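Student: The structure that follows is given in the form of structure tokens.
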Amino acid sequence: SITNSFPKELVEFVAYKSNPIFSGAGGESWDKQMRERGYILKEDNTYHLWYTGYGNSDGIRHLGYATSTDGISFTRHPQNPVHQTSWVEDMCVVKSQDTYYMFAEGIGDTAHLLTSKDKIHWEEKGSLDIRQTNGQPIRKGPFGTPAVIIEKGIWYLFYERDDQGIWLATSKDLTFWTNVQDEPVLKMGPRSEEHTS
């Protein structure tokens with residue numbers, strides 16, 4: 001069984017009885033509704049949550065920020081939305097030295113990078129430039145849902161394409177990313193297994 005291959009802390013979960021712990025604000029708020037994946041980074045005794053909110057008026061996905069001391073009760077930042085000049089969803093935040101790097105999906109399911117010194121004010125750095133193993137740009141089309149880690153000076157980017165699998169690319173300078181292979185490192189499983197409960 002696959003559950004025996006991994007520590008139970010990674011594969012055995014029980015839903016919290018008081019879910020949801022954070023949801024759309026409702027009413028006429030900019031974050032009346034919430035979208036997909038948010039991200040939590042714990043520093044010292046504070047949980048920092050970035051999330052995507054939107055209302056009915058423009059449909060644009062803006063970035064919200066909230067904090068918590070217990071990981072359950074979150075307080076929205078009074079300056080929300082903290083970033084509204086570009087579409088931000090499905091984010092991942094990595095701190096390196098004194099800078100926070102946010103890798104997020106943007107409009108058209110295109111991964112892009114934002115940076116911040118204080119977790120609140122974000123500067124758009126543009127779409128990620130991902131290359132095939134031969135140095136040529138990846139084919140046009142959506143590439144999003146980024147998840148990033150940094151280890152020994154190398155940045156590792158996991159990203160999805162067309163809901164067909166997960167690819168892995170690396171970078172030393174955050175300017176260019178190069179696939180470790182041009183096929184997904186994790187392919188979609190057979191349909192019958194994907195939908196088995």
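The values are calculated or read from the model by the stated rules, or taken from the named source; none is laboratory data. These numbers were taken from a predicted model, which means no experiment stands behind them. Reconstructed Cβ throughout: ideal geometry from the backbone, glycine too, with neighbour counts over all protein chains shown. Accessible surface is based on the protein model in full, side chains and every heavy atom, while ligands, DNA and RNA are left aside. Shrake-Rupley method; radii C 1.70, N 1.55, O 1.52, S 1.80 Å.
Student: Could you list all residues from the range 65-90 that are under 21 Å from Gly108 (Cβ atoms) and open to solvent by less than 30 Å² (accessible area, probe 1.4 Å)?
Tutor: Pro81, His83, Ser86, Val88, Glu89, Asp90
Student: Can you confirm whether Arg37 is open to solvent by 70 Å² or more (accessible area, probe 1.4 Å), touching a residue at least 12 places away in the same chain (Cβ under 8 Å) and over 22 Å from Val148 (Cβ atoms)?
Tutor: Here the answer is no, as Arg37 does not meet what is asked.
Residue by residue, here is whether (1) within 28 Å of Met34 (Cα to Cα); (2) in contact with a Gly (Cβ under 7 Å, 6 or more places away or on another chain); (3) β-branched (Val, Ile, Thr) holds:
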| residue | (1), (2), (3) |
| --- | --- |
| Val94 | yes, no, yes |
| Phe103 | yes, no, no |
| Gly126 | yes, no, no |
| Gly144 | yes, no, no |
| Ile166 | yes, no, yes |
| Ala169 | no, no, no |
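Student: Might you check whether a residue that is of a type in the set (Lys, Arg) and either at pLDDT below 95 or not in a strand (DSSP E or B) (or both) occurs anywhere in the range 90-98?
Tutor: no
Student: Scanning the range 154-164 for residues that are at pLDDT below 95 and over 16 Å from Gln181 (Cβ atoms), which turns out least open to solvent (accessible area, probe 1.4 Å)?
Tutor: My answer is Asp162.
Student: For the subset of the range 136-153 comprising residues that are of a type in the set (Gly, Ala, Ser) and touching a residue at least 40 places away in the same chain (Cβ under 8 Å), which member is surrounded by the fewest Cβ atoms within 10 Å (Cβ to Cβ)?
Tutor: Once the filter is applied, the top-ranked residue is Ala147.
Student: Then there is this: For the range 54-63, give me the residue count where each residue is farther than 18 Å from Pro146 by Cα and surrounded by 11 or more Cβ atoms within 10 Å (Cβ to Cβ).
Tutor: 3
Student: Pairs only if they're at least six apart or on different chains, beta carbon under 7 angstrom, first in the range 166-183 and closer than 16 Å to Arg139 by Cβ, second modelled with pLDDT under 95; list them, first residue then second.
Tutor: Trp167/Arg161
Student: Here is a further query. Checking the structure you have, find out if any residue of the range 6-29 is under 22 Å from Val148 (Cα atoms) and of a type in the set (S, T, N, Q).
Tutor: No: the range 6-29 contains no residue that is under 22 Å from Val148 (Cα atoms) and of a type in the set (S, T, N, Q).
Student: Among the candidates Lys32, Lys42, Lys17, single out the residue that is under 30 Å from Ala111 (Cβ atoms), exposed (fewer than 15 other Cβ atoms within 10 Å of the Cβ) and among the basic types (Lys, Arg).
Tutor: Exactly one residue qualifies, and that residue is Lys42.
Student: Working only within the range 101-146, note down all residues that are assigned to a loop (DSSP other than H, G, I, E, B), at pLDDT below 95 and not acidic (Asp, Glu).
Tutor: Ile107, Gly108, Arg139, Lys140, Gly141, Pro142
Student: Of everything in the range 126-135, what is surrounded by fewer than 15 Cβ atoms within 10 Å (Cβ to Cβ) and over 9 Å from Thr178 (Cα atoms)? Give them in sequence order.
Tutor: Hits for the range 126-135 are Gly126, Ser127.
Student: Next question. Conditions first: (1) outside any loop (DSSP other than H, G, I, E, B); (2) open to solvent by 60 Å² or more (accessible area, probe 1.4 Å); (3) within 22 Å of Lys119 (Cα to Cα). Tyr51 passes all but one, so which condition is the exception?
Tutor: It fails just one condition, (2).
Student: Report every pair of residues separated by at least 6 positions or lying on different chains whose Cβ atoms are under 7 Å apart, first residue within the range 73-90 and closer than 15 Å to Ile120 by Cβ, second open to solvent by 90 Å² or more (accessible area, probe 1.4 Å) and not in a loop (DSSP other than H, G, I, E, B).
Tutor: Sorted first by the residue in the range 73-90, then by its partner, the list stays empty.
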